[in-house]
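Okay, structure first, notes after.
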Amino acid sequence: MIKGEMIVLTELRSADSAALFEWINSPETVHFNAPYSPVHEPNHKAWFEAITNAPDRVVFAIRDLTGSRIIGIVQLVGLHSIHRTAELIIRIGNEADRNRGAGSEAVKLATDFAFTDRNLQRVWLRAFGDNPRAIRAYEKAGFKIEGTMRRACFIDGRWKDEVIMAILRETV
């Protein structure tokens, strides 16, 4: 468990599967970072089983301070041992849990983990250009905008730009 001031990062638990299944089938939640397509229960179960076994991925549940209620998920994917990089992906499941600082803290804790425990030197992410709330949260966690891929994603019937952001480990 990695404890912050507002949240804790923990392992995924079997009981978390239901919340994750609900979130992935919510167009409003999915549209923050992907096109919506319904995920059927057998496919979700297979994904849930496989996600913790992937050698190039670290997955954390984002929980309230009690450690009981899951409010989101943060992942480091595409871990590259030679380049010492990974992509960060985060999802806060319910609107009531968004815009309260939990996502910013989860990004900060996951980034600290990446640099300290995994010895990475660069963590990067993608954000939609029309999501200033996410971009501000990432900047608050120390990420810098590296560039914009114009009309990179087709979401909910329209094209969106994708902003690429990264944070580098401070060298000593």
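The values are calculated or read from the model by the stated rules, or taken from the named source; none is laboratory data. No experiment lies behind these values; they were computed from the predicted model shown. All Cβ positions, glycine included, derive from the backbone under ideal geometry; neighbour counts span all protein chains shown.
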| task | Count, please, the residues in segment 52-79 that happen to be assigned to a loop (DSSP other than H, G, I, E, B), closer than 14 Å to residue 6 by Cβ and of a type outside the set (Lys, Arg). | result | 3
| message | Going residue by residue through segment 82-97, is there one that turns out to be touching a residue at least 12 places away in the same chain (Cβ under 8 Å) and closer than 15 Å to residue 6 by Cα? | response | yes
| message | Looking at 158, 133, 126, can you tell me which residue is modelled with pLDDT under 95 and under 23 Å from residue 71 (Cα atoms)? | response | 133
| said: Exactly one condition in (1) touching a residue at least 40 places away in the same chain (Cβ under 8 Å); (2) part of a strand (DSSP E or B) is false for residue 151; which is it? | reply: (1)
| request: Restricting attention to segment 44-61, report how many residues are surrounded by 12 or more Cβ atoms within 10 Å (Cβ to Cβ) and over 14 Å from the mean Cα position of the chain (by Cα). | output: 5
| query | When segment 1-48 is examined, which residues are found to be part of a strand (DSSP E or B) and among the polar types (S, T, N, Q)? | reply | 10
| Checking residue 101 against (1) over 14 Å from residue 2 (Cβ atoms); (2) at pLDDT 95 or above, which test does it fail? | (2)
| field | Qualifying residues in segment 80-135 (those that are touching a helix residue (DSSP H, G or I) at 6+ places or on another chain (Cβ under 9 Å), of a type in the set (Gly, Ala, Ser) and part of a helix (DSSP H, G or I)) - the one surrounded by the fewest Cβ atoms within 10 Å (Cβ to Cβ) | value | 104
